Amino acid sequence: MKGRPDERAFVEAYDRYADAIFRYCYFRVRDRERAKDLMHDAFAKTWAYLVAGNAIENLQAFLYKVAHNASVNEAVKSKALSLDALQEEGGYDPEERALPSPEESAEGALLMRNLEALDDASREVLALRYVSGLPVAEVARVLGVAPNAASVRIHRALAKLREKIT
Amino acid sequence: MNNEFSSLERKLEEASARMALSVSEKDLGRARLREHMAAMPAPKRTVPFLAHGFRFAFALLLIVAVGGGAASAAENALPGSILYPLKTQITEPVRAAFAFAPEARADFAVERANRRLEEYAQVSDAGSADEETTASLAAALANHVDEATDAIRDLATAGDAIEALDATSDLHSILEAHASVLDQITEDGTSTPQAAADVGEALDNALADTSELSDTLEGVVASTGADDVASALDAKEEELQALIDDVRGRVEDAVSTLDASDELEVSGELSSVAALMEEARSLEEQGDLASALAVYAKANEELNRLGVLLQADVNLDIDIAAPEDAPLP
C-alpha cells in the first residue's frame, strides 16, 4: 500500500486476511478472545503505520510481523490450555458452519495437540504454513530467510510432527 | 513417505480451517476496525517522499548545496516548515536504518516519540496546531511508540530483559512528563480542546501499553541471574552519572528562563536523584541487587522527567514546579 491510505482497501484487506491472522494469533496464545484482540491490534497498528505516511510493500507479511510481535508478549503471559479446553475450542459457530464429524473433531484436536507439543521453531513454521495458509515464499518473508531454507524447515517440522503422531 | 506427508498436510489444513472466526465475530471485528480507523483518519494531504513537488525538490536541493548543514538545520524544524519533511522522512529514517541492534532501535524510537511530543507542544504554543497537523503528530507518536515497544520485545526475546525494562522505563517516564506538559498547555488555553484530546488519547494509549509491557518485563527480570544483574548495575550507575551531568549542563543553559519556584524544584529533584543513587549503592553493597536495580530505575525516571520539563520550560515557558509547590511571595 503506497500513497494516501485507502480506508476501503484496508477494510477489504481485513476481510481477506482476518481469518488467517486470527488463526495465527490463536495458535500463539491459545485463548480465543485474546487472539481476536491481537488480530484487531495487528490491523489497528498497521493502519496507524500507514496513516503516519509509511508505505507497505507486502501487506500480508507486514500484518504477520505485527501479529508476531504482539503475540510474543502474550505468549510469555499465556497459560497452556487444558486438554478439555483445547477440545472445546472448536473455533466455529455451529449455527454458521457445517459441523465436522466426531471422528474429524477428535482427529483434528489430536493433531493440534501434537503440533503444540513441538519445539518453538517447528511450531512457528507449521503455524505459518498450514494454520495461516501462507505460501512458502511468504513464510520465508515473515521468518526472514530464503524460500529454500523455509521449505527445508517446513519439511523437517512435518517430519517431527509425523514422528509424534505415529 | 510423500503420500504420508501430503495426507498430514491436508489434515493440518482441515483442522486449521475449523479454527476460523465465525461470521458474526468477523462482522464485529470489522465494525471495531472501522471505529478505530474513524478515530485515526488518513490525513487529507500527505507528504510522501518524492511527491511534494517543488517544496520538497527545493529541500533536496538544499542538501546537495549545503550538505549536512541542511540536515542539521532540519533537526529543529517544526510541522509547517519547509525542512520538516526532510527531518521526518529522510534524516530520521536514515538514522533508524542504521540502528541495527534492538537496543539502538528502541532508543531512537523513544527519541522520535519525544520529538513528536515536543513538536506538538511548540506548535500548540504558537497557535498553529491545526487538525491535520495534530492528527499527523498523534499518528506518528503512536507509530514511534509501537516501534519502540517492538524493539523492546525483541531485546527481551534476545535475553536482555534488564535492558528491555530500562528502555520501557525511559519511554514511560518521558511520556508521563509530556502528559503533564500537555495538561499545562491545555490549561493555558494555547491548544484547542480537540487537538489536546487527540494527542492526549494517543499519550494515554501509549502509557497503557508501556505499563503493561513493564509489568511483563519485571516478571522476567525477577528471574534473571545475579551475574547479569551485577554487570547491569555497574553500567547503570555510569549511565546515570552521565545523565545527571547532562541535566546539570542543561540547567545551567536554562538558568535565565527558570523562575524561583522552578529553580527550587530542579534543585530538589537533583537532590532526590542523588539520594536515590546513594540508596542504590548501599543496596548493592548489601547484596540486594534486584532492589538496587529498581532504585536506579526510579532515579532514571526522575531524570528523564526533569529533562522533558526543562526543555518545555526553555521552549514554552512551562512551569516545572506544580502550582501548589510554588514558594509564597
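The values are calculated or read from the model by the stated rules, or taken from the named source; none is laboratory data. It should be emphasised that the depicted structure is a prediction, and the values quoted were computed from it without experimental measurement. Glycine also receives a Cβ, built like all others from the backbone with ideal geometry; neighbour counts cover every protein chain displayed.
Summary table
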quantity: Selected residue [under 22 Å from B:ALA20 (Cα atoms), surrounded by fewer than 16 Cβ atoms within 10 Å (Cβ to Cβ) and either at the interface with another protein chain (Cβ under 10 Å from one of its Cβ atoms) or not charged (D, E, K, R) (or both)] from A:ASP19, A:ASP41, A:ASP15, A:ASP6; calculated: A:ASP15
quantity: Qualifying residue in the range B:171-189 (condition: in a helix (DSSP H, G or I), free of Cβ contacts under 8 Å to residues at least 24 places away in the same chain and in contact with a helix residue (DSSP H, G or I) (Cβ under 7 Å, 6 or more places away or on another chain)); calculated: yes
quantity: Condition check for B:GLN311: at negative phi and surrounded by fewer than 18 Cβ atoms within 10 Å (Cβ to Cβ); calculated: no
quantity: Test: residue in the range A:121-142 that is free of Cβ contacts under 8 Å to residues at least 24 places away in the same chain and more than 16 Å from A:TYR64 (Cα to Cα); calculated: no
quantity: Residue in the range B:280-297 that is touching a helix residue (DSSP H, G or I) at 6+ places or on another chain (Cβ under 7 Å) and among the polar types (S, T, N, Q) present; calculated: yes
quantity: Residue match in the range A:131-142 (condition: within 23 Å of B:MET19 (Cα to Cα), hydrophobic (A, V, I, L, M, F, W, C), within 11 Å of chain B (Cβ to nearest Cβ) and more than 11 Å from the chain's Cα centre (by Cα)); calculated: no
quantity: Restricting the range B:267-291 to residues that are of a type in the set (A, V, I, L, M, F, W, C) and at pLDDT below 85, the residue that is surrounded by the most Cβ atoms within 10 Å (Cβ to Cβ); calculated: B:LEU289
quantity: Hits in the range A:118-142 - residues which are surrounded by fewer than 19 Cβ atoms within 10 Å (Cβ to Cβ) and in a helix (DSSP H, G or I); calculated: A:ASP120, A:ALA121, A:VAL136, A:ALA137
quantity: Selection within the range A:44-70 - in contact with a helix residue (DSSP H, G or I) (Cβ under 6 Å, 6 or more places away or on another chain) and either farther than 21 Å from A:LEU143 by Cα or within 7 Å of another protein chain (Cβ to nearest Cβ) (or both); calculated: A:ALA44, A:LYS45, A:TRP47, A:ALA48, A:TYR49, A:VAL51, A:ALA52, A:ASN69
quantity: Hits in the range A:148-165 - residues which are surrounded by fewer than 17 Cβ atoms within 10 Å (Cβ to Cβ) and facing another protein chain (nearest Cβ under 9 Å); calculated: A:HIS155, A:ALA159, A:ARG162, A:ILE165
quantity: Test set (1) within 14 Å of chain A (Cβ to nearest Cβ); (2) β-branched (Val, Ile, Thr); (3) closer than 22 Å to B:HIS172 by Cβ - B:VAL110 fails condition number; calculated: (1)
quantity: Any hit, the range A:18-28, residues being farther than 22 Å from B:ALA148 by Cα, of a type in the set (Ser, Thr, Tyr) and touching a residue at least 40 places away in the same chain (Cβ under 8 Å); calculated: yes
quantity: Matching option when the condition is more than 12 Å from chain A (Cβ to nearest Cβ), of a type in the set (D, E, K, R), more than 18 Å from A:ASN69 (Cα to Cα) and surrounded by fewer than 18 Cβ atoms within 10 Å (Cβ to Cβ), among B:ASP125, B:ASP130; calculated: B:ASP130
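Residues checked against (1) modelled with pLDDT of 85 or more; (2) surrounded by fewer than 18 Cβ atoms within 10 Å (Cβ to Cβ); (3) farther than 30 Å from B:ALA38 by Cβ:
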residue: B:LEU217; (1), (2), (3): no, no, yes
residue: B:ALA226; (1), (2), (3): no, yes, yes
residue: B:GLN241; (1), (2), (3): no, yes, yes
residue: B:ASP259; (1), (2), (3): no, yes, yes
residue: B:ALA299; (1), (2), (3): yes, no, yes
